[in-house]
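The values are calculated or read from the model by the stated rules, or taken from the named source; none is laboratory data. Since we're looking at a predicted model, the values are computed, not measured. In this analysis, Cβ positions are derived from the backbone assuming ideal geometry, glycine residues included, and neighbour counts consider all displayed protein chains. Only protein heavy atoms, including side chains, enter the accessible area calculation; ligands, DNA and RNA are left aside. Shrake-Rupley method; radii C 1.70, N 1.55, O 1.52, S 1.80 Å.
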Amino acid sequence: MDTHLKWLNETGLNELELVGGKNASLGEMLRNLDELGVKVPFGFVVTAQAYDYFMRSNELYDKIQSIINETDVDNIVELRRNSLKIRNLIIDGEMPNELKSQILIYYKDLSNKYIDSYGKPQDYTDVAVRSSGTAEDLPDASFAGQQDTYLNVRG
């Protein structure tokens, strides 16, 4: 079974480690509130396993661990500099073609669920790209505002 991507309505709190707290909560809302007439935007999840696949494909785990091991966490300048190095390693990583293709298929299917002003399914709907860490939005932990969010992403 492919666990790189999941539709939100196919997940819930039983998959926190795979989809993260925010996505698990959205999945629960989609499944439970729709029948009550409460509209929750549809979407899909790029899972923790997809992240792991990306990281392994780019051989980033050892590189990042090396930077962490060499960082004096009490030196704020060094901490910021090395954090940027890690961020850039991830940003500069190549998305595996298989994963890229799957994301594009899911995005196209998601877009087609929404109707444009001419009454036709959209080709490219606006989406929000948000983090959903596996230890985020739990009853005893919150990391609100610590991750990047991208709104009105299209195409």
Exactly one of GLU70, GLU59, GLU78 is of a type in the set (Asp, Glu) and open to solvent by less than 60 Å² (accessible area, probe 1.4 Å), and that one is GLU78
Would you point out the residue of region 1-18, among those that are of a type outside the set (Lys, Arg) and not in a helix (DSSP H, G or I), that is modelled with the lowest pLDDT?
-> MET1
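Matching residues to (1) open to solvent by 100 Å² or more (accessible area, probe 1.4 Å); (2) β-branched (Val, Ile, Thr); (3) modelled with pLDDT of 95 or more:
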residue	(1), (2), (3)
LYS100	yes, no, yes
SER111	no, no, yes
ASP116	no, no, no
ALA128	no, no, no
SER132	no, no, no
SER142	no, no, no
GLY145	no, no, no
VAL153	no, yes, no
Write out, first by first residue and then by second, each pair whose Cβ atoms fall under 6 Å of each other, whose residues are 6+ apart or on separate chains, and whose first residue, in region 1-26, is touching a residue at least 12 places away in the same chain (Cβ under 8 Å) while the second is assigned to a loop (DSSP other than H, G, I, E, B) and open to solvent by 40 Å² or more (accessible area, probe 1.4 Å).
-> GLU17/THR134; GLY20/THR134; GLY21/ASP137; LYS22/ASP137
Which one of these does TYR107 not meet: (1) assigned to a helix (DSSP H, G or I); (2) farther than 24 Å from LEU13 by Cα?
-> (2)
Result of the Cβ filter at 6 Å on region 91-112, keeping first residues that are closer than 14 Å to ARG154 by Cα and partners that are assigned to a loop (DSSP other than H, G, I, E, B), at least 6 apart or interchain, is SER111/GLN122; SER111/ASP123; SER111/TYR124; SER111/THR125
Check GLY93 against each of (1) modelled with pLDDT of 95 or more; (2) open to solvent by 40 Å² or more (accessible area, probe 1.4 Å) and name the one condition it does not meet.
-> (2)
Can you tell me which of ASN23, ASN32 is open to solvent by 50 Å² or more (accessible area, probe 1.4 Å), assigned to a helix (DSSP H, G or I) and at pLDDT 90 or above?
-> ASN32
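Going by what's in this entry, would LEU36 be described as touching a residue at least 24 places away in the same chain (Cβ under 8 Å) and farther than 24 Å from ASN152 by Cα?
Working: touching a residue at least 24 places away in the same chain (Cβ under 8 Å): no; farther than 24 Å from ASN152 by Cα: yes.
No.
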In region 35-51, what residues are within 20 Å of VAL127 (Cα to Cα), assigned to a helix (DSSP H, G or I) and aliphatic (A, V, I, L, M)?
-> ALA48, ALA50
